[in-house]
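Single-structure report; data block below.
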2 protein chains.
Amino acid sequence: MRAADLGERGLLALLAPLGYPKGAPLPPGDDAGGVWFDKGALLLKTDGFLYREVALRGMGPFEVGWRAVAAVASDLVAKMGRPLGFTLGLFLPPESGVEEALDLVRGAAAAAQAHGAPLLGGDTNRGTEVALTASGYALARRPLPRAGLPGDLVYLAGDRWGKTGAAIDAHYRGLEVPPDFREAAFYPRARRELLGLAGLVRGSADSSDGLAETLWQLSEALGLGVGLEGLPLFPEVLAYAGSEEKALSLVLYGGEEFEAVLVVPEEKAPRLERKAVRLGLPLFRAGRLQAGVGVRFRGKEVERRGYAHF
Amino acid sequence: MRAADLGERGLLALLAPLGYPKGAPLPPGDDAGGVWFDKGALLLKTDGFLYREVALRGMGPFEVGWRAVAAVASDLVAKMGRPLGFTLGLFLPPESGVEEALDLVRGAAAAAQAHGAPLLGGDTNRGTEVALTASGYALARRPLPRAGLPGDLVYLAGDRWGKTGAAIDAHYRGLEVPPDFREAAFYPRARRELLGLAGLVRGSADSSDGLAETLWQLSEALGLGVGLEGLPLFPEVLAYAGSEEKALSLVLYGGEEFEAVLVVPEEKAPRLERKAVRLGLPLFRAGRLQAGVGVRFRGKEVERRGYAHF
């Protein structure tokens, strides 16, 4: 069987358990791996991608290097890890410009700094096209798996929902990314404010391949359904989309949002919401977990469709 | 300027300091990066390569996956880091077989286990050719930089010197890798016994691109010369090479040895040698540090030539 027949997620599901230790702080296939350490868990995460697959119109090497580190930081922070450092592995065609390589690494270094951790070097190799692999490690006193019980509330953290989808949509329509969406799409930052919610959240998942896909994965991992009652519709996303239906589609199928989905016991919701306000963390209450597997929005099943690399 | 004009090491020298923190446990450009932690240093290392550039005749995906983790382990252990875990990032053409992907990861998982640490997942993406990027983290109570003083002794740890060179030589001559060299070339293991030498070694360097290149880099980093008086010539390497001169060339320019060069204060040498025997760690006393930059073998300059990816 070919990798393409199985699909990226099917392949990852096969590969993730290989060699993965029993009793680890997070199960195989979660957003990050890790080992227990005296003060909690030390998480390790690696994420790779092709330059051409993420570089929207207006993004240069700096932004793509930034994106590499931000993607890893997002996974680590969603698992309640405080990033300690990052590395960047590069594949570059021999004809690549040195200035391009420098900008890739400058962007990665800037993103690392924006996440409170250093870039700790990396590696450069010849390749047939530009490809990046970022890694990062983090300390999580209480690492947060994908977890939840029926009745738990589902929150969306952050404010990039729909905005990165609009940026990607514009790019594939051959347009410039509108200024309203450039910060979200070009310089995403994982939200370290999430670390301040420790003890109030039962489970979490990074969302990078689109919210629908993230929620479907969460649903399958928990054996529970996700019932959505509302979704965040930012005015600029609505204005770009031109209709609520189109805007909702950007929120559900956008991708590259690097935000977190939180599962919260109902009795902790008031404290969580107050804490988020104090931390300045945007938080949107989207729905709750229920019996059955699947994702529903106002009673209607949400199509499973997201970004996959195969 | 193109990456190819600058060369791999020139490029890495430009990139390594970007964002690298001051006061880190190891300087930028050393074999691993890291941050201080309460009980020492937490090291992080990433190493990438193309499948076709390392797969010798007789190596399959399992061996190439093994090699990915062993290369990172070698860097971590050379810096006195005890590996905690590894990840593997893969780029695979869509037409790759699933069994090939599984074997790459199985090999990486087996190598991780052989180094006393788990494989903690990774990432898989579409690429135009098979490329791997392994990362690993490690705890080093006393991380060991490239360091040394004039008069310090230079030791070579391990017993793969010349053997991996012979394997590579056979491959590029269109021959099968001789059975004598298969274990060294197909299943290299970083030597965790090195961790038992803490306190007896002043400095160290991983050697993966050939001993001559490693020693030249060490020489430049220290601003000191390396004077070699002897080199390890294993009988099977001599037999393969057919002459001492050719065998020495395999030792100096072989590459893929994943062994360590140790710099040892002379007064600690007797204890070091006794300790190595107790640990079962092969150790070869090769020479000493001296004034001036460069690498000399029995008084004659050793040509700088190694493996580079650009």
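Using only atoms on other chains, find how many Cβ atoms lie within 10 Å of each Cβ of peptide A:96-109 and report the average.
Working: counts 5, 4, 10, 1, 2, 8, 4, 1, 2, 7, 3, 2, 3, 5.
Mean shielding by partner chains, rounded to a whole number: 4.
Filter the GluC sites (Glu not before Pro) in the range B:51-114 down to the DSSP loop ones having no more than 11 other Cβ atoms within 10 Å, then list what survives. Show your work: numbers first, answer last.
Values: sites: B:E53, B:E63, B:E95, B:E99, B:E100; in loops: B:E95.
Here the GluC sites (Glu not before Pro) that fit, given the DSSP loop and packing criteria, are B:E95.
The protein assembly as shown: Rg/Rh from Cα coordinates, Kirkwood Rh?
Details: Rg = 25.2 Å, Rh = 25.1 Å.
Reported Rg/Rh (Cα atoms, Kirkwood Rh): 1.00.
Kirkwood hydrodynamic radius of chain B from all distinct Cα pairs, in Å?
Numbers: mean 1/r = 0.0508 Å⁻¹.
19.7 Å is the Kirkwood radius here.
Decide, for the range A:3-140, between rounded, prolate and oblate: order the square roots of the alpha carbon gyration tensor eigenvalues as a ≥ b ≥ c, take rounded if a/c falls under 1.5, and otherwise choose prolate if a/b is larger than b/c, else oblate. The partial results should precede the final answer.
Values: a/c = 2.25, a/b = 1.37, b/c = 1.64.
Oblate.
Based on the Cβ-Cβ distance of B:L149 and B:E220, what FRET efficiency does E = 1/(1 + (r/R0)^6) give at R0 = 22 Å, to the nearest 0.05? Let's see the in-between values first.
Details: r = 16 Å, r/R0 = 0.72.
The value I calculate is 0.85.
Report the A-B buried area as the accessible area lost on both sides summed, probe 1.4 Å, in Å² to the nearest 100. The partial results should precede the final answer.
Numbers: alone 14050 and 14100 Å², together 22540 Å².
Using a 1.4 Å probe on protein heavy atoms, the buried area is about 5600 Å².
Please list the helices of chain B that count as membrane-span-like by this rule: a mean Kyte-Doolittle hydropathy of at least -1.0 together with Cα atoms stretching 20 Å or more along the helix axis, each helix being a complete DSSP H run. Intermediate results must be reported in sequence, preceding the final value.
On the way: long enough: B:61-78 (26 Å, 0.96); B:98-114 (24 Å, 0.57).
Helices meeting the criterion: B:61-78, B:98-114.
Check which residues have an amide H placed less than 5 Å from B:G127's amide H, if you skip close sequence neighbours.
B:L92
Calculate the all-directions average of the projected area of the range B:43-117's alpha-carbon convex hull, and give it in nm². Each step should come with its number before you reach the end.
Values: hull surface 20.1 nm².
Averaging across all directions leaves 5.0 nm² for the Cα convex hull.
Could you tell me the accessible area of A:R305 in Å² (1.4 Å probe, neighbours in place), rounded to the nearest ten?
For A:R305, the solvent-accessible surface is approximately 100 Å².
Ignoring ligands and nucleic acids, what accessible area does B:D159 show with a 1.4 Å probe (Å², nearest 10)?
Looks like 50 Å² after rounding.
With each pseudo-label sitting 7 Å past Cα toward Cβ, what's the A:L195-B:R298 distance in nm, one decimal?
5.8
Hey, if we sort A:K45, B:K22, B:K300 by accessible area with the 1.4 Å probe, largest down, what's the order?
On the way: A:K45 30, B:K22 200, B:K300 150 Å².
The ordering from most to least exposed comes out as B:K22, B:K300, A:K45.
Would you mind listing the distances between the A:E245 label point and the same position in each other copy? Use 7 Å along Cα-to-C-beta, nm, one decimal, shortest first.
List, nearest first: 8.2 nm.
Where only protein heavy atoms count, and the probe is 1.4 Å, what is the accessible area per residue for the protein assembly as shown in Å²? Numbers along the way, then the final one.
Details: 22540 Å² over 620 residues.
About 36 Å² of surface per residue is accessible.
Give the span of the range A:153-301's Cα atoms along each principal axis, as three whole-Å numbers ordered largest to smallest.
Computed over the Cα atoms, the extents are 45, 34, 22 Å.
Distance between the C-alpha centers of the range B:251-298 and the range A:237-273? Whole Å please.
59
Quick one: which residues, 5+ away or cross-chain, put their amide H under 5 Å from the amide H of A:G210? H built at 1.01 Å from N.
Amide H neighbours of A:G210: A:G255, A:E256, A:E257.
Within the range B:185-228, whose backbone N sits under 16 Å from a point 7 Å along Cα→Cβ of B:E273?
It comes to B:201, nothing else.
Please tell me the relative contact order of chain A in percent, rounded to the nearest whole number, where contacts are Cα pairs under 8 Å and at least six residues apart. Spell out each step's value before the answer.
Working: 710 pairs, mean separation 69.7, N = 310.
Worked out over chain A, it gives 22 percent.
Arrange the residues B:R274, A:R146, B:R296, B:R67 by how much accessible surface each exposes, largest first, with a 1.4 angstrom probe. Mind showing how you got there, number by number?
On the way: B:R274 135, A:R146 50, B:R296 100, B:R67 20 Å².
Most to least solvent-accessible, the answer reads B:R274, B:R296, A:R146, B:R67.
In terms of modelled amide H atoms, which long-range or inter-chain residues lie less than 5 Å from the amide H of B:A41?
Under 5 Å from the amide H of B:A41: B:A140, B:R141.
As a test question: what accessible area, to the nearest 10 Å², does A:Y187 have when a 1.4 Å probe is rolled over all protein chains in place?
Accessible surface of A:Y187 is approximately 80 Å².
Which stretch or stretches of the range B:151-166 have amide N atoms under 16 Å from the point lying 7 Å from B:R141's Cα along the Cα→Cβ direction?
In the range B:151-166, the label zone of B:R141 (backbone N under 16 Å from the point 7 Å along Cα→Cβ) covers no residue.
Sorted by accessible area with a 1.4 angstrom probe, largest first, how do A:M1, A:M59 fall? Before the final figure, lay out the partial values.
Values: A:M1 150, A:M59 25 Å².
The ordering from most to least exposed comes out as A:M1, A:M59.
Accessible area of the range A:3-140 with a 1.4 Å probe: how many percent of it is carbon plus sulfur? Could you put the intermediate results ahead of the total?
Details: 1990 of 3660 Å².
Ligands and nucleic acids excluded, carbon and sulfur give 55 percent.
Test of understanding: in a Gaussian network model of chain B with alpha carbons linked when under 10 Å, which of B:V263, B:V293, B:V98 would top the mean-square fluctuation ranking?
Result: B:V98 has the largest fluctuation of those listed.
What percent do you get for the relative contact order of the range A:157-261 when only Cα pairs under 8 Å and 6+ apart count?
Working: 139 pairs, mean separation 53.5, N = 105.
Relative CO of the range A:157-261 lands at 51 percent.
The values are calculated or read from the model by the stated rules, or taken from the named source; none is laboratory data. Not measured: the values here are computed from a predicted model. Note that we place each Cβ from the backbone using ideal geometry, even for glycine, and neighbour counts take in every protein chain shown. Just so you know, the surface numbers come from the protein's heavy atoms only, side chains and all, with ligands and any DNA or RNA stripped out. Shrake-Rupley method; radii C 1.70, N 1.55, O 1.52, S 1.80 Å.
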